[in-house]
Amino acid sequence: MAAQYQSPTQSPPRLLEPLPEAPYRRLVEIVGRENVYREPDDLLLYSYDSLLGVPAVWPQAVVRPGCTEEVVEVLRLAQKEKLSVVPRGAGTGLAGGAMPIQGGLVLSLNRMKTIREIDEDNMQAVVQPGVVTAEFHQAVEARGLFYPPDPGSMTISTLGGNVATSAGGLRGLKYGVTRDYVMGLEAVLMGGKRIRTGGRTFKNVTGYDLTRLLVGSEGTLAVITEIILKLIPIPEARRSLQLIYDDVDKAARTVSEVLRQRVIPATLEIMDRLTIQVVEDFAHVGLPREADAMLLVEVDGAEETVERQLVRVLEIARQEGAVDYKVARTEEEKIQIWNARRNSYGALARLSSTIITEDATVPRSRVPDMMRAIGEIARKYSVTMSTLGHAGDGNLHPTINADKNNPAEMARVEKAIEELFQTALRLGGTLSGEHGISLAKKRFMPLAFSEETLSVMRAIKTALDPDCLLNPGKIV
Ligand SMILES: Cc1cc2nc3c(=O)[nH]c(=O)nc-3n(C[C@H](O)[C@H](O)[C@H](O)COP(=O)(O)OP(=O)(O)OC[C@H]3O[C@@H](n4cnc5c(N)ncnc54)[C@H](O)[C@@H]3O)c2cc1C
């Protein structure tokens, strides 16, 4: 029976029909017996991703193709047998995109993990979707090149997952998100049609921009099997600093003021009091437990520009009321500053059985308003909500710690989340800056778009996947 997603507090169902023998045998023919999983432990493992609080459905099988031809054959079979297919990278997605909510097949792309080419002359690379993001960073940096998108999950996440979610990261403020680096794709549609979009030229207005359509489509329109990525020169110098505040409002105002004065750091992150305390208790990196907020900043570029930007940021921070600061003098100190940020999700996850990281995003100038609203909403609904995030690009991650077995608390959490999104939209923002919609925010789509706009999205979906078999029940 197909499961219907209703809300994060829905009670656990979960029965699956076993995969009939005929399609199983055909899958084995396509990818080999060792690459089709049917054991309960495997099915359990592939039934969820990093979205918590949603009951999982087991897939009927997990299929691990090794090349595009095998993806084509699997999607051809799935269409014929009317089996749903959920593409999956590393399962670090926070919106439920890799959850097989209707059973069917999980298509794990991890075996397709070759960096096919790093073209130094044209500054671009061709990769398969299963390449781990951080491994790609290392490979291009070894050639003096730079691929900026750096999601917090980059040591595990895959480039295919990053493209399918248009992942952002800490460097999004200056360098943009994954979308800004995808030049072209190879993808396979449900039914097995193989297409190529974009290409290897920097200028390209030939036909509809299908690359942009597929980037961020969260596995609902096509399976991405090859990616052409733009690279840029690696910055000459980088400086990192930590700014401490006794009032979160002053920190938020510093963010707006730095940008208003036309300084664009590579990274401008905010952590509130609760996050600072929890991270310090976990990682012991010397954070000021008594501070109300902290900004973490990295400026990069040519040597002279970096020094000038650093001084300017410090001046603005002092004017706005920073009570202390620390500039990293050594590589070790720099790593310590960024470890604090990169450890924050893991540290917060230790606080409770359930952690929900939201992704509300507002125009940069509205960050102070959004920070204030987050505090008010947390008090109004009595929920434990901390805030960290990419303040410089308006992408905040209010993070709620709760207990999913406490229905009264979860009801308040849901109300708080709804009000968070209503507030973000009222401030001119959006439902998701980088994590995507999938299951987690699907129910809020009518708040963000008119029925006319949603109907266009549905028309695109059904044009490419008429039976709605590819990652069904997500986004629209
Ligand atoms: C600790 C932590 C920190 C994070 N920090 C960030 C951050 O800073 N910025 C950010 O943007 N996100 C962040 N995320 C969310 C997540 O890591 C990203 O969304 C990431 O891009 C998912 O990659 P993945 O390989 O794990 O994809 P998965 O979770 O496996 O899949 C994500 C979506 O992409 C689809 N998909 C995967 N591969 C393909 C493919 N080849 N073809 C078509 N569709 C595909 C799936 O169906 C699903 O809808 C974080 C998550 C965690 C747990």
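Read the figures in this text as sums done on the coordinates, not as results from a lab. Predicted model only: the values in this text are computed from it and were never measured. Cβ coordinates were reconstructed from backbone atoms using ideal geometry, including for glycine residues, and neighbour counts include every protein chain displayed.
Observations on the model:
- With both labels modelled 7 Å from their Cα along Cα-to-Cβ, the R38 to M445 distance reads 3.4 nm.
- Average Cα contact separation per residue, the chain, under 8 Å, 6 or more apart, as relative contact order %: 15 percent
- Pairwise FRET efficiency - I335 versus I460, Cβ, R0 = 35 Å, nearest 0.05: 0.20
- Per-residue 3J(HN,Hα) values for region 153-160, derived from phi via the Karplus relation 6.51 cos²θ - 1.76 cosθ + 1.60 with θ = phi - 60°, read 8, 4, 6, 10, 4, 9, 5, x Hz in sequence order (x marks Gly and Pro).
- For E315 and N204, the FRET efficiency from 1/(1 + (r/R0)^6), where r spans their Cβ atoms and R0 equals 51 Å, is about 0.75.
- FRET E, pair C67, T155, Förster distance 30 Å, beta-carbon r, rounded to 0.05: 0.75
- Packing order of peptides 162-174, 241-253, highest average first: 162-174, 241-253 (average count of other Cβ atoms within 10 Å over each peptide's residues).
- Estimated from helices alone, the mean residue ellipticity of the chain at 222 nm is -10500 deg cm²/dmol (sum of -39500 (n - 2.57) over DSSP H runs with n ≥ 4, per residue).
- Protection proxy ranking for 298-304, 399-405, using the average of other Cβ atoms within 10 Å per residue and placing the highest first: 399-405, 298-304.
- The amide H of G191, built 1.01 Å from its N in the peptide plane, has R76, Q79 as neighbours under 5 Å, considering only residues 5 or more places off or on other chains.
- Of K174/K474; K113/K203; K380/K441; K113/K334; K80/K113; K203/K442, pairs whose Cα-Cα distance is over 25 Å: K174/K474; K113/K203; K113/K334; K80/K113; K203/K442
- Label-zone membership for region 182-201, site E117, 7 angstrom Cα→C-beta point, backbone N under 11 Å: 200-201
- For T384, the residues whose amide H sits under 5 Å from its own are N401, ignoring neighbours fewer than 5 places away on the same chain, with H placed 1.01 Å from N.
- Residues whose amide H falls under 5 Å from that of D119, counting only those 5 or more places apart or on a different chain, are Q124, A125, V126, with hydrogens built in the peptide plane.
- Packing, taken as the mean count of other beta carbons within 10 Å per residue, orders the peptides 227-234, 110-117 from highest to lowest as 227-234, 110-117.
- Estimated inter-spin distance, T453 and S353, nm [label 7 Å along Cα→Cβ]: 3.8 nm
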